[in-house]
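FYI, it's all coordinate maths here, none of it is from the lab. Quantities reported herein were computed from a predicted structural model and do not represent experimental measurements. Here the Cβ is made from the backbone with ideal geometry for all residues, glycine too, and neighbour counts use every protein chain on show.
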Amino acid sequence: MMMKHTVRLVLLACSSLTLMPVQAQQDPMYSQYMFNTLAFNPAYAGSADVFTAMALSRHQWVGFEGAPATQTLSAHSPLPGDKLSLGGILIHDKAGPLIQNSAFVDVAYRIRISSDTRLSFGLSAGVDFLQADIASLTTVDAEPHNGNMEGKPLPNVGFGIFWHSDRYYAGFSAPKMLEHNVGDDGAVVTARELRHWFLMGGYVMDISEDFKFKPSIMLRAVAGAPLSLDINANFLLRDRIWLGAMYRYGNAFGLMAQYQVNEQLKVGYAFDMTTTRMGAYNAGTHELMIGYDFNFTKGRTSSPRYF
């Protein structure tokens, strides 16, 4: 019972920090970010050269009451003419009493730099719906906590740059450029959406005919919070099975795997364990991803895809 109260107190503290006008990392994190790039870079739209859809479900700190959970559904495709691409993404993110639902549309303009490289410029526009039910939290303090926040639309725009070939990629983006202060007409609790910056890159190299190695990195930055750096090392066996490991500097480590079922369907799984004190109170983070490449114009898709 005491542990439950302690967990609720921690959640209340985290929620209070998130809802006050302080600086903190707010956007969801993903371990399989290299296959979920549209979530933070609109210039990624159309990079697969076919209509592709992806669903991802992430459950963080399993066993921790009120732990964060994120579901993402995205799709993108090049448009006729091969210059413009269109994409869209839906995100449902819940952490304790906080719920954020997002819907964004992405447009990318692609330029062929050489025979095997492209440079894309992307813009996104959409809306977040943020709500909080702080009064529902139970603490060891009998005094009730106010500060509920009803769902309110928060429009936003973002941009991204994505340069890639079949074997390497680099991207830079800010998916939400506008910062919002949100309150309930004089309520004590106030939330603030902050601008996040993302820098990423990766490279695929041949070790042998059936064995490839792909290192990749992801750097996140937001004012007032420490930089967040993911370092990944993945190995590809026979162009079908990915096996790898990740390290989030000062925060977590994990393992991941992906199976290319056929030329169109792939499934992936990642497991993280935090290196902070919170690791003693949960069973880690689980992330499941399913991706499918539709092909309405060709007999075969481009296979394999490395990112």
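Here are some notes:
- Spin-label model, Met278 to Lys83: label points 7 Å out along the Cα-to-beta-carbon direction sit 4.6 nm apart.
- Just so you know, the Cα atoms of the stretch 188-273 work out to an Rg and Dmax of 16.6, 62 Å.
- Sequence ranges 108-116, 69-77, ranked by mean other-Cβ count within 10 angstrom, highest first: 69-77, 108-116
- Note on Asp133 and Asn295: the model spin-label points, each 7 Å out from Cα along the C-beta direction, lie 4.7 nm apart.
- Each label was represented as a point 7 Å from its Cα along the Cα-to-Cβ direction; for Ile207 and Asn262 these points are 2.9 nm apart.
- Ascending count of other beta-carbon atoms within 10 Å, so fewest first, for Glu179, Glu209: Glu209, Glu179
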